[in-house]
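Engineer: A single structure is presented below for examination.
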Amino acid sequence: MNITINELTPELLVDYLRFFDTMVFTENPDWDNCYCYESYFTGTSEDWTKDNNRTAVIKLIEKGTMTGYLAFDKHKPVAWLNINNRNNFPSLERFRKIKVDRTENICSVVCFVIHPDYRRMGIATRLLQKAIADYSDKNFDFMEAYPGNGDLSCEKHYKGPLSMYEKAGFSLYKEYEHLYVMRKSLQ
(Lines give C-alpha, C1' and ligand atoms only; values in the text may rest on other atoms or scores of the structure.)
Protein backbone atom coordinates (compact mmCIF):
# COMPACT_ATOMS: atom_id res chain seq x y z
CA MET A 1 0.00 0.00 0.00
CA ASN A 2 1.46 3.31 -1.12
CA ILE A 3 -0.49 6.04 0.72
CA THR A 4 0.13 9.68 -0.15
CA ILE A 5 -1.51 12.61 1.60
CA ASN A 6 -2.43 15.84 -0.17
CA GLU A 7 -3.81 19.05 1.23
CA LEU A 8 -7.26 19.80 -0.20
CA THR A 9 -7.19 22.33 -3.03
CA PRO A 10 -9.78 23.25 -5.65
CA GLU A 11 -7.81 21.05 -8.06
CA LEU A 12 -8.71 18.01 -5.91
CA LEU A 13 -12.46 18.74 -6.00
CA VAL A 14 -13.15 15.90 -8.45
CA ASP A 15 -11.29 13.42 -6.22
CA TYR A 16 -13.09 14.69 -3.12
CA LEU A 17 -16.48 14.28 -4.79
CA ARG A 18 -15.57 10.84 -6.15
CA PHE A 19 -14.63 9.76 -2.63
CA PHE A 20 -17.91 10.93 -1.11
CA ASP A 21 -20.18 10.14 -4.08
CA THR A 22 -19.16 6.54 -4.61
CA MET A 23 -16.53 5.19 -2.24
CA VAL A 24 -17.60 5.61 1.37
CA PHE A 25 -20.69 4.97 3.46
CA THR A 26 -21.66 1.79 1.63
CA GLU A 27 -22.00 0.20 5.07
CA ASN A 28 -23.74 3.24 6.54
CA PRO A 29 -25.95 4.82 3.85
CA ASP A 30 -27.63 7.15 6.37
CA TRP A 31 -24.43 9.17 6.42
CA ASP A 32 -23.94 9.49 2.67
CA ASN A 33 -25.58 12.91 2.52
CA CYS A 34 -23.01 14.61 4.76
CA TYR A 35 -20.03 15.27 2.46
CA CYS A 36 -18.26 16.26 5.69
CA TYR A 37 -20.34 19.44 5.72
CA GLU A 38 -21.78 18.94 9.22
CA SER A 39 -19.34 21.26 10.99
CA TYR A 40 -20.00 24.09 8.51
CA PHE A 41 -23.78 23.64 8.44
CA THR A 42 -26.01 26.32 9.99
CA GLY A 43 -29.37 25.56 8.38
CA THR A 44 -32.47 23.67 9.46
CA SER A 45 -33.18 19.95 9.28
CA GLU A 46 -35.15 20.61 6.08
CA ASP A 47 -32.01 22.15 4.54
CA TRP A 48 -29.92 19.06 5.37
CA THR A 49 -30.10 17.14 2.08
CA LYS A 50 -27.51 15.37 -0.01
CA ASP A 51 -27.88 17.80 -2.92
CA ASN A 52 -27.70 20.89 -0.71
CA ASN A 53 -24.67 19.61 1.18
CA ARG A 54 -22.84 18.56 -1.99
CA THR A 55 -23.46 21.97 -3.58
CA ALA A 56 -22.34 23.79 -0.43
CA VAL A 57 -19.14 21.73 -0.19
CA ILE A 58 -18.30 22.41 -3.83
CA LYS A 59 -18.55 26.15 -3.17
CA LEU A 60 -16.42 25.91 0.00
CA ILE A 61 -13.71 23.93 -1.78
CA GLU A 62 -13.70 26.22 -4.82
CA LYS A 63 -13.29 29.26 -2.54
CA GLY A 64 -10.58 27.53 -0.48
CA THR A 65 -12.73 27.84 2.63
CA MET A 66 -12.96 24.10 3.30
CA THR A 67 -9.57 22.73 4.30
CA GLY A 68 -8.22 19.32 5.11
CA TYR A 69 -6.35 16.38 3.66
CA LEU A 70 -7.13 13.60 1.22
CA ALA A 71 -5.20 10.33 1.42
CA PHE A 72 -4.68 8.37 -1.78
CA ASP A 73 -3.73 4.79 -2.55
CA LYS A 74 -2.06 5.45 -5.88
CA HIS A 75 -4.74 7.63 -7.58
CA LYS A 76 -7.70 6.40 -5.53
CA PRO A 77 -8.88 8.66 -2.67
CA VAL A 78 -9.24 6.47 0.43
CA ALA A 79 -9.46 8.85 3.41
CA TRP A 80 -10.28 12.39 4.41
CA LEU A 81 -9.41 14.62 7.40
CA ASN A 82 -11.45 17.79 7.92
CA ILE A 83 -9.40 20.45 9.74
CA ASN A 84 -9.77 24.21 9.73
CA ASN A 85 -9.65 27.33 11.84
CA ARG A 86 -12.09 26.59 14.67
CA ASN A 87 -13.97 29.82 13.94
CA ASN A 88 -14.92 28.38 10.53
CA PHE A 89 -16.95 25.59 12.18
CA PRO A 90 -20.17 27.20 13.47
CA SER A 91 -21.80 23.90 14.36
CA LEU A 92 -19.32 23.29 17.18
CA GLU A 93 -21.35 25.67 19.30
CA ARG A 94 -24.75 25.01 17.80
CA PHE A 95 -24.88 21.23 17.62
CA ARG A 96 -22.03 20.11 19.87
CA LYS A 97 -22.62 22.84 22.44
CA ILE A 98 -18.90 23.38 22.82
CA LYS A 99 -18.14 26.77 24.32
CA VAL A 100 -15.92 28.56 21.82
CA ASP A 101 -13.82 31.57 22.70
CA ARG A 102 -13.48 33.21 19.29
CA THR A 103 -10.40 35.15 20.38
CA GLU A 104 -8.36 31.95 20.76
CA ASN A 105 -6.16 31.02 17.81
CA ILE A 106 -7.11 27.36 17.39
CA CYS A 107 -7.46 24.93 14.51
CA SER A 108 -9.92 22.07 14.92
CA VAL A 109 -9.92 18.48 13.74
CA VAL A 110 -13.60 17.67 13.26
CA CYS A 111 -13.83 14.54 11.14
CA PHE A 112 -12.01 11.56 9.67
CA VAL A 113 -13.62 9.53 6.91
CA ILE A 114 -11.78 6.34 6.02
CA HIS A 115 -12.88 4.01 3.24
CA PRO A 116 -14.06 0.73 4.87
CA ASP A 117 -11.34 -1.29 3.10
CA TYR A 118 -8.63 0.97 4.55
CA ARG A 119 -9.65 1.19 8.20
CA ARG A 120 -7.36 0.09 11.02
CA MET A 121 -4.27 0.58 8.88
CA GLY A 122 -2.97 3.73 10.59
CA ILE A 123 -4.18 6.12 7.90
CA ALA A 124 -6.01 8.38 10.36
CA THR A 125 -2.83 8.62 12.42
CA ARG A 126 -0.84 9.55 9.32
CA LEU A 127 -3.41 12.20 8.39
CA LEU A 128 -3.24 13.64 11.91
CA GLN A 129 0.58 13.66 11.87
CA LYS A 130 0.54 15.53 8.55
CA ALA A 131 -1.94 18.06 9.92
CA ILE A 132 0.14 18.61 13.07
CA ALA A 133 3.29 19.18 11.01
CA ASP A 134 1.59 21.56 8.59
CA TYR A 135 -0.48 23.50 11.12
CA SER A 136 2.53 24.01 13.39
CA ASP A 137 3.74 26.36 10.66
CA LYS A 138 0.44 28.23 10.29
CA ASN A 139 0.64 30.38 13.46
CA PHE A 140 -2.05 28.55 15.44
CA ASP A 141 -1.56 28.30 19.20
CA PHE A 142 -3.41 24.99 19.60
CA MET A 143 -4.91 22.13 17.66
CA GLU A 144 -8.18 20.92 19.12
CA ALA A 145 -10.09 17.65 18.56
CA TYR A 146 -13.40 16.24 19.80
CA PRO A 147 -13.31 12.45 20.16
CA GLY A 148 -16.44 10.77 21.47
CA ASN A 149 -16.39 9.03 24.81
CA GLY A 150 -17.77 5.60 25.55
CA ASP A 151 -17.65 2.30 23.70
CA LEU A 152 -18.10 3.46 20.10
CA SER A 153 -18.14 1.59 16.80
CA CYS A 154 -15.54 2.34 14.15
CA GLU A 155 -18.07 4.53 12.33
CA LYS A 156 -18.90 6.47 15.51
CA HIS A 157 -15.21 7.29 15.91
CA TYR A 158 -15.42 9.62 12.92
CA LYS A 159 -13.91 12.38 15.05
CA GLY A 160 -10.96 10.09 15.79
CA PRO A 161 -10.41 7.86 18.81
CA LEU A 162 -9.18 9.32 22.10
CA SER A 163 -6.16 7.00 22.12
CA MET A 164 -4.91 8.39 18.79
CA TYR A 165 -4.92 11.92 20.17
CA GLU A 166 -3.24 10.89 23.40
CA LYS A 167 -0.46 9.15 21.43
CA ALA A 168 -0.03 12.34 19.35
CA GLY A 169 0.53 14.45 22.47
CA PHE A 170 -2.95 15.93 22.95
CA SER A 171 -4.17 16.54 26.51
CA LEU A 172 -7.68 16.65 27.92
CA TYR A 173 -8.93 20.24 27.95
CA LYS A 174 -12.64 19.77 28.71
CA GLU A 175 -15.09 16.94 29.01
CA TYR A 176 -18.71 17.04 27.92
CA GLU A 177 -21.41 14.40 28.19
CA HIS A 178 -20.61 12.63 24.90
CA LEU A 179 -17.19 13.93 23.92
CA TYR A 180 -13.82 15.13 25.05
CA VAL A 181 -12.09 18.32 23.98
CA MET A 182 -8.43 17.48 23.43
CA ARG A 183 -5.75 20.08 22.81
CA LYS A 184 -2.18 20.08 21.58
CA SER A 185 0.10 23.11 21.72
CA LEU A 186 1.47 24.06 18.31
CA GLN A 187 3.96 26.61 19.65
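The values are calculated or read from the model by the stated rules, or taken from the named source; none is laboratory data. The model shown is predicted, which means the values in this text are computed figures rather than measured ones. So basically every Cβ, Gly included, is an ideal-geometry build from the backbone, and we count neighbours across all protein chains shown.
Engineer: Could you check segment 26-72 and list, in sequence order, the residues that are surrounded by 13 or more Cβ atoms within 10 Å (Cβ to Cβ), in contact with a Lys or Arg (Cβ under 8 Å, 6 or more places away or on another chain) and farther than 16 Å from ASN84 by Cα?
Structural biologist: The answer is ASP32, ASN33, ALA71.
Engineer: From the set of residues in segment 110-143 that are crowded, with 17+ Cβ neighbours inside 10 Å and in contact with a Cys (Cβ under 7 Å, 6 or more places away or on another chain), which is farthest from TYR16 (Cα to Cα)?
Structural biologist: Ranking the candidates gives PHE140 first.
Engineer: So which residues in segment 1-22 are touching a residue at least 40 places away in the same chain (Cβ under 8 Å), in contact with a helix residue (DSSP H, G or I) (Cβ under 9 Å, 6 or more places away or on another chain) and of a type outside the set (Phe, Trp, Tyr), if there are any at all?
Structural biologist: MET1, ILE3, ILE5, ASN6, GLU7, LEU8, THR9, PRO10, LEU12, LEU13, LEU17
Engineer: LEU172 passes all but one of (1) out of contact with any Pro (no Cβ under 7 Å at 6 or more places or on another chain); (2) surrounded by 12 or more Cβ atoms within 10 Å (Cβ to Cβ); (3) within 28 Å of ASN33 (Cα to Cα); (4) without any contact (Cβ under 8 Å) to a residue 40 or more places away in the chain; which number fails?
Structural biologist: Result: LEU172 passes all but (3).
Engineer: Sticking with this one: Give me the helices (runs of 4 or more DSSP H) completely within segment 1-99, filtered to those with at least 2 residues that are at pLDDT 90 or above and not aromatic (Phe, Trp, Tyr), ordered by residue number. Full working, then the answer.
Structural biologist: Numbers: elements: 13-18, 50-63, 91-94.
Output list reads 13-18, 50-63.
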